[in-house]
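We did not get these values from a lab; they are worked out from the coordinates using the rules stated. Predicted, not measured: the structure shown is a model, and the values here were computed from it. Note that each Cβ is placed from the backbone with ideal geometry, even for glycine, and that neighbours are counted across all protein chains shown.
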Amino acid sequence: MAAPKGIDWIKAREFYLSDASVSYADVAKEFGVSKVSVENRGKKDDWVKLRQSLGEKAFDNFQKKLLKTKEAAQDRHLQQFQNLQALINKSIQAIAQQAQPDALELRRLSGALKDSVMGERVVLGLPTNVGSITDPEGNDAFKGFAEAFAAAEKVVNNGDSSTTT
């Protein structure tokens, strides 16, 4: 049987490829031809494989765009956390210059600094539980940091360790 005359097979193929839910029967109905004619043309021009290939390309393009969007967000978030840390550090330095540093304000700023460092670590994909980081011998790598912080707090409190929590 000869192929129907007057049908625009390019438009029929575009219609088929326009939506993954469009079937050969839908194309036949839309263009006024038999389903067998559409099946034969689709098989001859490999419409199914073409649809699959286009779907894969679309998905790849989507993945690439999503990756770029995530990278831009991570870069922006990293910059924001680093800017916040710089502001907190300036505030801590300003308080440290005072004759009587405000221990409560220092504690508040240290908490904000910890939060911004944790946020930065999340963006960078680093561990956020610093207690889980050990040196090559298996010792807690941040034990010295905790001791240094306690000593600094003691100095701020004029040697009175009873105000530490």
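When a footprinting reagent is the concern and you count Cβ atoms within 10 Å, what order do 37, 110 take, fewest first?
On the way: 37 20, 110 15.
Placing the least packed residue first, the sequence is 110, 37.
Using the basic label-point model (7 angstrom from Cα toward the beta carbon), what is the residue 122 to residue 100 distance in nanometres?
3.8 nm
I need the calculated FRET efficiency for the pair residue 115 and residue 137, taking r as the beta carbon distance and R₀ as 41 Å, to the nearest 0.05. Show your work: numbers first, answer last.
On the way: r = 30 Å, r/R0 = 0.73.
That pair, residue 115 with residue 137, gives E of 0.85.
Given the C-alpha centroids of the stretch 1-70 and the stretch 101-124, what is the distance between them in whole angstrom?
The stretch 1-70 and the stretch 101-124 have Cα centres separated by 56 Å.
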